[in-house]
Amino acid sequence: MSDKTYAPSAAFSVAAHADKATYEKMYAESIADPDAFWGEHGKRIDWIKPYTEVSNTNFELGSVNINWYADGTLNVAANCIDRHLATRGDQTAIIFEPDSPDAPAQHITYKQLHENVCRLANVFKSQGVTKGDRVVLYMPMIPEAAYAMLACARIGAVHSIVFAGFSPDALANRINGSAAKLVITADEAPRGGRNTALKSNADAALLHCNDKVKCLVVKHTGGQTTWTEGRDIDVKAEMATASADCAPEEMNAEDPLFVLYTSGSTGQPKGVVHSSGGYLVYAAMTHQYTFDYHDGDVFWCTADVGWVTGHSYIIYGPLANGATTVMFEGVPTYPDAGRFWAICEKHKVNQFYTAPTAIRALMAHGNAPVEKYDLSSLKLLGTVGEPINPEAWNWYNDVVGKGKCPIVDTWWQTETGGHLLTPLPGATATKPGSATLPFFGIAPVVLDATSGEEIHETEAEGVLCFKTSWPGQMRTVFGDHERFEKTYFSDYKGYYFAGDGCRRDADGYYWITGRVDDVINVSGHRMGTAEVESALVAHAHVAEAAVVGFPHPIKGQGIYAYVTLMNGIEPTDELRKDLEKWVRTEIGPIAKPDIIQWAPGLPKTRSGKIMRRILRKIAEDDYGSLGDTSTLADPGVVDELISTRIELK
Ligand code: WT7
């Protein structure tokens, strides 16, 4: 942590949507009278029937209920497309940059976006998709992914995107979990010069689903796929003959826009449900203010649409604001570590938003790949997904931003829909490693982790909670409102509990210290340790498994698995590889353990509870502070685990 501050330049502040005085004034107003504030800012989007009621929210366990603009009606796709047609129909909405640097980029105007979205919406309709139905997307980062999201929004269907790195099993669970009518995928997803066979993954998943589920296939690479007549549909062929007119469905503000599955500390991933009205207002407003987006700017968020960052800051926020948004199919290091910067130069990117893990990975290649390119178009840099270490922050600031671009370290979650803690670049002096201050209308509090009491002193350390709602907040867990209440509102009564620990410094700045639950953050991807454990124990040779996070130089956190084998099974390198492969197929490549340590036994309390605190310390190579081990049933296992601990190679 560093306490060096970087104030915005006077030139930046003057031209920005908010300077310090504006931020302070608007923030004070937003807290003093949230309904007046959000009533006003809700008007930034177009309503079919304007709302008369702004918020109706309750954080009380047993009656948790979140409504914004509840009597208003709108259509999200019309807000992201149609309303721009008169003024910016020929402006580029989406710049698509393919995986291969030799393939041509595509510039899709708002008019073309309209046509494509309408055509695809009509294809969905022709397959029987109607308002309220769920559609699963399992897509590469190609324009059709954006069309599919917006086509769902246009007809009132609820999309659920499954990141293309997830396995067939994970895909099947999500198709079944949301009772989707249709899956849209592509033949193959090219990334870093290699093609992932998405369609054959979808085929494998669909074996476990209702046979009425249709499979729409975008023939993207033209790679060979098997074809199931009557179930599989060639999307491009259908779009070519579908009508280019499709009237947007009138939706209630509280109708769900999408479901996105995310990992928690227990059980299977939960379907986070986001609304239409409040979500769009919040995504659009944060996009404008946090990135200081101005008309004509080219905005690039490097996330995948499979994560919430892609939903809010590649698609909904930027398009609601009439922006030009970049969609990149590839990876930062292909064909070499200069690719991000080549794209920034090529498309004259103005705001660039990525994750600390990507910054660290690129930093390891030195400055030359950055210095090769003209980055003078860049005005602002952003990060998201995990705490950024000051070394990475400084490199981003000095080498990429040449000391001229404010850095916004944005803290938020799948659940929050948009940024909650973030600098505003024309207003907030930044400190490397701090997500700084709350966005408008956000009321963070630091609670003492054990007593649950609010710490009122400015300097505080504890768990991060929020006192009141904001329009972008998730509304429920799909199909399980009780789980929603239990997960977020039961540990600290009356508050939304984020799952993160934090420190507030003397200036009131927030420093996120990481998750306080059994969720780990691997390369900015969220993983429940319980999920990886249940994948491991599903293997025939595994008796027991415990998974913890450990500090990883590039990924932020790595996955450390302690595995106890069935009696009589030999711990071999081959079995270790087999287990790694097993987890990849059960969940996906992102869940592959970095380290598997054979554990003849696991440290347990006398009542049989695994003491993860100790396992975490061993994985972190920090035995000095193992704490009290006297309650262990067999303290000897700890020494055994320490002596056989495995170092990251
Ligand atoms: C968790 C949410 C929302 C976008 C991507 C991740 C961690 C997120 C930051 C940040 C420190 C951060 C938190 C949070 N996190 N942004 N700027 N500084 N930590 O979304 O998968 O829902 O994960 O990511 O631990 O709880 P997600």
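Here, each number is a calculation from the coordinates, and none is a lab measurement. Note that the coordinates shown come from a computational prediction; the quantities given were computed from them, not determined experimentally. Backbone-built Cβ (ideal geometry, glycine too); neighbour counts: all protein chains shown.
Odds and ends about this structure:
- The E250 and D634 beta-carbon pair, evaluated with R₀ = 56 Å, returns a calculated FRET efficiency of approximately 0.30.
- Alpha-carbon centroids, the range 181-201 and the range 596-638: separation in whole Å: 42
- Under the shape rule built on the C-alpha gyration tensor, where the axes satisfy a ≥ b ≥ c, the range 523-644 is oblate, since a/c reaches at least 1.5 while a/b does not exceed b/c.
- DSSP-assigned coil residues among GluC sites (Glu not before Pro) in the range 340-394, each with at most 13 further Cβ atoms within 10 Å: none
- Fully extending the segment from I455 to A543, taken as 0.36 nm per residue of separation minus the present Cα-Cα distance, adds 27.3 nm.
- Rounded to 5, percent antiparallel among DSSP beta bridges of the chain: 60
- Karplus-derived HN-Hα couplings along the range 410-415 (A = 6.51, B = -1.76, C = 1.60, θ = phi - 60°), whole Hz, x at Gly and Pro: 9, 9, 6, 8, 3, 5
- Within the range 214-330, percent of DSSP bridges classed antiparallel, to nearest 5: 50
- The phi-based Karplus calculation (6.51 cos²θ - 1.76 cosθ + 1.60; θ = phi - 60°) puts the 3J(HN,Hα) values of the range 199-215 at 4, 6, 4, 5, 4, 5, 5, 5, 4, 9, 10, 3, 6, 7, 5, 8, 10 Hz, whole numbers, x for Gly and Pro.
- Order by protection proxy (mean Cβ within 10 Å, highest first), peptides 513-519, 56-62, 447-453: 513-519, 56-62, 447-453
- Between amide H atoms placed 1.01 Å from N, distances below 5 Å from N75 occur with I48, M251, all of them 5 or more places distant or on a separate chain.
- When you restrict to C-alpha pairs under 8 Å that are six or more residues apart and normalise by the size of the chain, the relative contact order lands at 14 percent.
- Residues with amide H under 5 Å from that of G514, placed H, sequence gap 5 or more: G501
- Judged by a Cβ-Cβ distance under 4.7 Å, the unpaired cysteines of the chain are C80, C152, C209, C215, C301, C344, C405, C465, C502.
- Virtual spin-label span in nm between T226 and T644, 7 Å along Cα→Cβ: 4.1
- For the chain, diffusion coefficient by Stokes-Einstein and Kirkwood Rh (Cα), 20 °C, 1.002 mPa s, µm²/s: 84
- In the range 312-352, the ratio of gyration radius to Kirkwood radius, Rg to Rh, stands at 1.03 when only Cα atoms are counted.
- With a Förster radius of 41 Å applied to the C-beta separation of I48 and Y334, the computed FRET efficiency comes to 0.40.
- Set of the range 50-67 residues, backbone N closer than 16 Å to the point 7 Å along the Cα-Cβ line of K493: 59-64
- The peptide list 583-595, 151-163, 95-107, put in order of mean Cβ contacts within 10 Å with the highest first, becomes 151-163, 583-595, 95-107.
- Sorting 269-280, 354-365, 110-121 by average packing, meaning the other beta carbons within 10 Å per residue, from highest down gives 269-280, 110-121, 354-365.
- The range 276-396 - Rg over Rh from alpha carbon coordinates, Kirkwood radius: 0.96
- Residues in the range 54-60 carry Karplus couplings, in order, of 8, 10, 8, 9, 8, 9, 6 Hz; the curve used is 6.51 cos²θ - 1.76 cosθ + 1.60 with θ = phi - 60°, and Gly or Pro positions show x.
- Three-way shape label, the range 1-154, alpha-carbon gyration tensor, a/c 1.5: oblate
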